[in-house]
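What follows is a set of notes on a single structure, which appears directly below.
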């Protein structure tokens, strides 16, 4: 079969199996990206979740011998939620980012890439392929940009004309010499809304992100959240969408295309207090199918405590006192101590003073002192 004709058939097949965009790129090294990654490491701007080997991230031939082309795919996910529940006093709610509203995208994209591999192999038995989604060595965004899926925006997301930046990305390296697509021109212009509205100033400049300050990253860490970010996390349980929701290119991009990504409102915007005591089994059963569960329940619970403090939810004080007194995990006990001080009830103050006498963990003691300091500041005021 003529390769050009097969490439067209492959594009048509991709659409049939639920791939919203497909593009083709050369497997040449990503020289510009290499310089950017080295600079990121020098500035300590990387998250630590990435592949640490810059060569593997920028040289596809190290991942597949005889690599010639890369196929990039994109699948749109929804930005709007039907019947979104509203939190009220006594029943506050948290929020998962839009990328974690429906079925875990890693599985969804891998299924489609597996189907693409089978389709290619049926026509080209000599084809060699390696697919990856998110956790692979390559930069999904760099591949998507080169393959013409969209342009790399100032917030470092890929923006597509059709779906905005609400797209999941994946790619396949292959030895088949597909005709490459043309990259898109940058269409951000002079707009800098994403830079100016980032809650933590994580977007240092257009195209450069300090992941260590990014709320999306911070919500996935397992330790104590640094003090400077605790008031900025709001009610976010996983991820952050601010730089996407303010983007003019995302206006009217509802993307209600794939039922598997439609959110269950009680999962995407869950009640906070029940999360504090959820068991591992319950957490896996309720949240295990969404991508935001990948780090387990501990970061979600810590973030739920911070969200209750954000709301100054006095009704949650008994539950927070219970965590402070009996939870085995220092991060949860300490964060609860901080939250009790932030909420500021007499009941919370008494519990902090009582636990202060017996708490052995130094970090938890520090958090207790922070909680008590809130009360002292309140008396001064």
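The values are calculated or read from the model by the stated rules, or taken from the named source; none is laboratory data. Keep in mind the model is a prediction, meaning the values are calculated, not measured. Virtual Cβ from ideal backbone geometry, glycine too; neighbours counted across all protein chains shown.
Quick look at the values:
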| quantity | calculated |
| --- | --- |
| Output for region 235-250, where each listed residue is more than 19 Å from the chain's Cα centre (by Cα) and surrounded by fewer than 18 Cβ atoms within 10 Å (Cβ to Cβ) | 248 |
| Near pairs, Cβ below 7 angstrom, 6+ apart or cross-chain, from region 208-219 (without any contact (Cβ under 8 Å) to a residue 60 or more places away in the chain) to any residue that is surrounded by fewer than 20 Cβ atoms within 10 Å (Cβ to Cβ) and in a helix (DSSP H, G or I) | 218/229 |
| Any helices (runs of 4 or more DSSP H) falling wholly within region 1-100 and containing at least 2 residues that are free of Cβ contacts under 8 Å to residues at least 60 places away in the same chain and under 30 Å from residue 253 (Cα atoms) | 3-16 |
| Breaking point among (1) within 30 Å of residue 261 (Cα to Cα); (2) out of contact with any strand residue (DSSP E or B) (no Cβ under 9 Å at 6 or more places or on another chain), for residue 34 | (1) |
| Residue count for region 94-111, restricted to those that are over 25 Å from residue 305 (Cα atoms), surrounded by fewer than 22 Cβ atoms within 10 Å (Cβ to Cβ) and touching a helix residue (DSSP H, G or I) at 6+ places or on another chain (Cβ under 8 Å) | 3 |
| Which numbered condition residue 175 fails, given (1) touching a helix residue (DSSP H, G or I) at 6+ places or on another chain (Cβ under 8 Å); (2) surrounded by 16 or more Cβ atoms within 10 Å (Cβ to Cβ); (3) modelled with pLDDT of 95 or more | (1) |
| Where a residue in region 117-135 is free of Cβ contacts under 8 Å to residues at least 40 places away in the same chain and its partner, wherever it lies, is surrounded by 13 or more Cβ atoms within 10 Å (Cβ to Cβ) and assigned to a loop (DSSP other than H, G, I, E, B), with Cβ under 6 Å and at least six apart | 121/127 |
| Extreme residue, surrounded by the fewest Cβ atoms within 10 Å (Cβ to Cβ), among residues of region 213-233 that are touching a helix residue (DSSP H, G or I) at 6+ places or on another chain (Cβ under 8 Å) and not in a loop (DSSP other than H, G, I, E, B) | 227 |
